[in-house]
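The values are calculated or read from the model by the stated rules, or taken from the named source; none is laboratory data. Everything numeric here is computed off the predicted structure, so don't read it as measured data. For neighbour counting, all protein chains shown are included, and Cβ atoms are generated from backbone atoms with ideal geometry for every residue, glycine included.
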Amino acid sequence: MSKRPRHELAEVLQKCREAPHSERVVPAWSWEQRAVVDAITACRTAHLGGHVEECDSCGHQRISYNSCRNRHCPKCQGSAQADWLEARQAEVLPVPYAHVVFTVPQTLAPLALQNPRVVYSLLLRTVGRTLQEVALNPKHLGARIGFFAVLHTWGQTLVHHPHVHCVVPAGGLAEDDRTWRRCRSGFFLPVRVLSRLFRGKFIAGLWDAFQDGSLELHGSLARYRSRAAFARYLKAACRTEWIVYAKPPFDGPKRVLEYLARYTHRVAISNHRLLHVDDQSVRFRYKDYRGRRARTLTLPLHEFARRFLLHVLPKGFVRIRYYGIFANASRARLLACSREALGQPPVAVQPQPGSVDGDEIFLDLRPRDLHICPSCRQGLLRCVQVLERPPPPNPSYRRVAS
């Protein structure tokens, strides 16, 4: 059983909001950022209502408050991840899987911050087209692949670092949809080819977005508002090597599901990484990939909140997307063709008996059964009273009508 974290992100954001000098910082948050802060600080508190549970054996009672279900909240991602992983069980193919990461250079990161919906959508779309185009080339694989892509916008120290993780079966369907073409052992696709094609497509997409007026350029980017200046900006980004990283394929459906859990519903920072919180600063643990060891970093309270809120995605933005064999429009048919080509019988995932509430799905991945009485360990907890949500106070954010 994992230990309960000593500190939570909600505690940090609440301290930031209540600090005497917060008047200089909180008004600078966008309405979307304020909505996220309100949701995280209210999560699993009386502000969202809840219910009283009682053991049917010993009479022990406990209060369970409702979750905010915000995708940026570290406390709410466990159930969402379990739901997603259960749905993926039926889609895992009996082949090695590759993990490919596409990274945007730091010179273009400010453009993504000012135009998140446009640039992040372009990033995911470009990654999808790049992988599929290279895989279809007979020189490399000559097959239609399938994969899902997850957008992450952060580094370990919460700096802005947009990149996309892709998990891909190491092979694909041939043109006749009856033959499965495998990649070479220990190899997926050439990263240099992926990198160059990714760079060209992404730069072309940015230029098209500039041409049709989809990009906003202000602050430090205001000097690139003319066609000539923006062309120079993109040309400078082309001079650097764009990082595309591919790990060697790994085997086994169980290993794939464990691997997926690391990336799908991760937020910028988990509560378990927070080591110390006070009224002035936050200390947290991060992984130094260069030194390959864990380190700690201390940031002022508002700098920590500023970095975390950089990663709030636009409302309704889809950060997990499916391509090729796994695309929603043709997933059922192409997965059936893939299993037939691989000689695998159809996979049927049986739902868990009883309720399908998020806390009851994938219990084998949870540290404990949330419905067994923690006092007597014999009875089951039953809901005996619903705690209504109190009337909301005036929200700290208001979306201004244009």
If you check LEU297, LEU301, LEU275, which single one turns out to be buried (at least 19 other Cβ atoms within 10 Å of the Cβ), farther than 24 Å from SER185 by Cβ and either of a type in the set (Ser, Thr, Tyr) or in contact with a strand residue (DSSP E or B) (Cβ under 8 Å, 6 or more places away or on another chain) (or both)? LEU301
Those residues that are more than 20 Å from ARG239 (Cα to Cα) and among the hydroxyl-bearing types (Ser, Thr, Tyr), I need them from segment 107-129; list them, please. TYR120, SER121
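Got a number for residues in segment 153-173 being in contact (Cβ under 8 Å) with a residue 40 or more places away in the chain and surrounded by fewer than 17 Cβ atoms within 10 Å (Cβ to Cβ)?
Pass one, segment 153-173, residues in contact (Cβ under 8 Å) with a residue 40 or more places away in the chain: 153-154, 156-173.
Checking which are surrounded by fewer than 17 Cβ atoms within 10 Å (Cβ to Cβ) leaves us with 157, 159-160.
The qualifying residues number 3.
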Limited to segment 54-91, what total is found for residues that are touching a residue at least 40 places away in the same chain (Cβ under 8 Å), among the hydroxyl-bearing types (Ser, Thr, Tyr) and part of a loop (DSSP other than H, G, I, E, B)? 1
Out of all the residues in segment 157-177, is one or more touching a strand residue (DSSP E or B) at 6+ places or on another chain (Cβ under 6 Å), assigned to a strand (DSSP E or B) and hydroxyl-bearing (Ser, Thr, Tyr)? no
Does PRO110 satisfy being outside any helix (DSSP H, G or I) and either in contact (Cβ under 8 Å) with a residue 24 or more places away in the chain or not assigned by TED's automatic domain parsing to the domain that holds PHE187 (or both)? no
Tell me yes or no: at least one residue of segment 119-128 is at pLDDT 95 or above, crowded, with 20+ Cβ neighbours inside 10 Å and either acidic (Asp, Glu) or touching a Gly at 6+ places or on another chain (Cβ under 7 Å) (or both). yes
Checked pairs for segment 30-48, first basic (Lys, Arg), second outside any loop (DSSP other than H, G, I, E, B), C-beta under 6 Å and 6 or more apart or across chains, list as ARG44/TYR65
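Can GLY146 be described as closer than 30 Å to ALA341 by Cβ and touching a Pro at 6+ places or on another chain (Cβ under 7 Å)?
yes
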Please indicate, with yes or no, whether at least one residue in segment 18-37 is more than 30 Å from SER214 (Cα to Cα), touching a Cys at 6+ places or on another chain (Cβ under 8 Å) and buried (at least 18 other Cβ atoms within 10 Å of the Cβ). no
Which condition does PRO94 not pass, out of (1) modelled with pLDDT under 95; (2) closer than 19 Å to ARG196 by Cα; (3) not in a helix (DSSP H, G or I), if it passes all the others? (2)
Restrict the check to segment 192-207 and report whether at least one residue is over 15 Å from TYR323 (Cβ atoms) and in a loop (DSSP other than H, G, I, E, B). no
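Going by what's in this entry, would TYR289 be described as of a type outside the set (A, V, I, L, M, F, W, C), in contact (Cβ under 8 Å) with a residue 12 or more places away in the chain, touching a Phe, Trp or Tyr at 6+ places or on another chain (Cβ under 7 Å) and surrounded by fewer than 19 Cβ atoms within 10 Å (Cβ to Cβ)?
Details: of a type outside the set (A, V, I, L, M, F, W, C): yes; in contact (Cβ under 8 Å) with a residue 12 or more places away in the chain: yes; touching a Phe, Trp or Tyr at 6+ places or on another chain (Cβ under 7 Å): no; surrounded by fewer than 19 Cβ atoms within 10 Å (Cβ to Cβ): yes.
Judged against the criteria, TYR289 is not a match.
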Kindly indicate which of GLU241, GLU303 is in contact with a helix residue (DSSP H, G or I) (Cβ under 8 Å, 6 or more places away or on another chain) and among the charged types (D, E, K, R). GLU241
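If we keep just the residues of segment 304-334 that are of a type in the set (A, V, I, L, M, F, W, C) and surrounded by 20 or more Cβ atoms within 10 Å (Cβ to Cβ), which is nearest to the chain's Cα centre (by Cα)? Spell out the reasoning first.
Initial filter on segment 304-334 (of a type in the set (A, V, I, L, M, F, W, C)): 304-305, 308-310, 312-313, 317-318, 320, 325-327, 329, 332, 334.
Imposing the further condition that a residue be surrounded by 20 or more Cβ atoms within 10 Å (Cβ to Cβ) reduces the set to 304-305, 308-309, 312, 325-326.
Values: PHE304: 19, ALA305: 19, PHE308: 14, LEU309: 14, VAL312: 11, ILE325: 21, PHE326: 18 Å.
Checked segment 304-334; the qualifying residue nearest to the chain's Cα centre (by Cα) is VAL312.
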In segment 208-230, the residues that are part of a helix (DSSP H, G or I), without any contact (Cβ under 8 Å) to a residue 60 or more places away in the chain and surrounded by 13 or more Cβ atoms within 10 Å (Cβ to Cβ): PHE210, TYR224, ALA229, PHE230
Can we say LEU189 is buried (at least 21 other Cβ atoms within 10 Å of the Cβ) and in a loop (DSSP other than H, G, I, E, B)? yes
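Here is a yes/no grid of residues against (1) in contact with a Gly (Cβ under 6 Å, 6 or more places away or on another chain); (2) among the aromatic types (Phe, Trp, Tyr); (3) more than 24 Å from LEU334 (Cβ to Cβ); (4) not assigned by TED's automatic domain parsing to the domain that holds LYS247:
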position	(1), (2), (3), (4)
LEU151	no, no, no, no
TRP154	no, yes, yes, no
VAL164	no, no, no, no
PRO169	no, no, no, no
LEU206	no, no, yes, no
ALA209	no, no, yes, no
SER214	no, no, yes, no
ARG223	no, no, yes, no
Anything in segment 8-40 that is at pLDDT 85 or above and of a type in the set (Val, Ile, Thr)? List them, or say none. VAL12, VAL36, VAL37, ILE40
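Determine whether VAL150 is modelled with pLDDT of 90 or more, under 15 Å from the mean Cα position of the chain (by Cα) and buried (at least 18 other Cβ atoms within 10 Å of the Cβ). Even if it seems obvious, please write down each step before you answer.
Values: modelled with pLDDT of 90 or more: yes; under 15 Å from the mean Cα position of the chain (by Cα): yes; buried (at least 18 other Cβ atoms within 10 Å of the Cβ): yes.
Judged against the criteria, VAL150 is a match.
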